[in-house]
Amino acid sequence: MAQLSCARPSLSLPVSIRKQSAASLSPWLSHTGVRRRRRLPMPVSAVAVEMPPPTLAEPEAEKERFDWLDQWYPIGPICDLDPRAPHGRTVLGLDIVAWFDGGEWRVVDDACPHRLAPLSEGRVDDKGRLQCAYHGWCFDGSGSCQFIPQAPALGPPVHKNKKACVAPYPSVVQNNILWFYPRTEPEYRDVLQRKQPPYFPDLDNPSFETIYGTRDFLYGYDFLVENLMDPAHVPYAHKGIVPPFQVEEDPGR
C-alpha cells in the first residue's frame with residue numbers, strides 16, 4: 001500500500017488501520033487514482049490561541065513633564081566674563097549675547113534687528129549700551145534701541161519703533177554665575193519671583209575652595225555627565241592636574 005504524505009508530522013495510526021486495503025481508503029484517493037491530501041485534525045498544542053492585545057498602562061495624569069524652556073541655564077562664571085565686552089553663547093539652539101551695562105549683566109538675542117549681524121561681535125559703549133559692529137545701533141538692557149547713528153537728530157524717533165528692538169531674556173547672578181531664562185515673552189519678565197536658578201550653598205561658603213573653569217567640548221552634555229560620574233579615571237586621566245587624593249590599591253596586587 002502506498003503511504004500518504006502530509007505537510008504536518010504524521011500521526012501514529014492503529015495497527016488495524018495500517019493493514020487496511022487501498023479500497024477501504026477510497027475517500028483518500030481520487031477517481032483517477034491520484035492521491036489527494038486530506039486534512040488531519042490539528043493537535044491542540046499547535047492551535048493558536050487568540051490572546052487579547054496587551055493594554056498599555058496609561059500615563060499618570062498628575063505626572064509633570066520636564067519643560068526644557070522652564071529652567072534657568074548658566075552662561076558662565078562671572079570671573080570668566082569680561083565686563084568690557086559682549087559674550088556670545090549658544091544654549092538649546094538659542095544664540096544669545098551677555099554684557100555688563102555698568103550696573104547689571106544683561107542677556108538678549110545675538111542678532112541685530114537691522115541686518116541680523118551678531119551683536120556679540122560688537123562692543124559696549126561708554127554708556128553701557130550694546131553697540132552693533134555693523135551700523136552702530138545701540139541697545140539697552142531691556143532690548144530697546146537707544147540710538148541709530150544714521151537717523152537725523154531732529155527727525156522722527158525711529159529708534160523707538162518696535163521693529164528696532166531686540167528680544168531680552170531674564171537674567172540673574174547667583175553663586176557668582178550668570179544665569180538666564182530662555183523665554184522672551186513679556187509674561188516671563190518676572191519669572192525670578194516664581195522660579196529661581198538652582199542654588200549651591202557650598203559655592204558661597206568661604207571655608208570651601210571654589211575653582212571655576214570653562215571649556216568647550218565637542219559632544220553632548222549626557223556624555224559629559226557620564227564622565228563626571230566616573231571618579232575611577234581621575235587619578236590617571238588627570239594625573240598632576242587635579243589636587244591629589246588617596247587612592248586605595250588592592251593589597252593583593
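The values are calculated or read from the model by the stated rules, or taken from the named source; none is laboratory data. Bear in mind that the values here come from a model prediction, so they are computed numbers and not experimental data. Neighbour counts run over all protein chains shown; Cβ positions are idealised from the backbone, glycine included.
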Kindly indicate whether R183 is buried (at least 19 other Cβ atoms within 10 Å of the Cβ) and among the charged types (D, E, K, R). no
Could you give me the residue pairs with C-beta distances under 9 Å whose first residue belongs to segment 213-231 and is free of Cβ contacts under 8 Å to residues at least 12 places away in the same chain, whose second residue is of a type in the set (G, A, S) and part of a helix (DSSP H, G or I) wherever it lies, and which are 6+ apart or on separate chains? none
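How many residues does segment 145-187 hold that are of a type in the set (A, V, I, L, M, F, W, C), touching a residue at least 12 places away in the same chain (Cβ under 8 Å) and under 15 Å from P113 (Cβ atoms)?
Of segment 145-187, the ones of a type in the set (A, V, I, L, M, F, W, C) are 145, 147-148, 151, 153-154, 158, 164-167, 172-173, 177-180.
Still in the running and touching a residue at least 12 places away in the same chain (Cβ under 8 Å): 145, 147-148, 164-167, 172-173, 177-180.
Filter again for under 15 Å from P113 (Cβ atoms), leaving 145, 147-148, 164-167.
Qualifying residue count for the region: 7.
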Enumeration of residues in segment 102-139 that are β-branched (V, I, T) and farther than 12 Å from R84 by Cα: V107, V108
Could you list, in sequence order, all residues of segment 193-223 that are at pLDDT 90 or above and assigned to a helix (DSSP H, G or I)? Q193, P201, D202, L203, D204, F223
Checking N175 against (1) on the phi < 0 side of the Ramachandran plot; (2) modelled with pLDDT of 95 or more; (3) not basic (K, R): exactly one of these is not met. Which one? (1)
Please indicate, with yes or no, whether at least one residue in segment 145-158 is in contact with a helix residue (DSSP H, G or I) (Cβ under 7 Å, 6 or more places away or on another chain), surrounded by fewer than 17 Cβ atoms within 10 Å (Cβ to Cβ) and assigned to a loop (DSSP other than H, G, I, E, B). yes
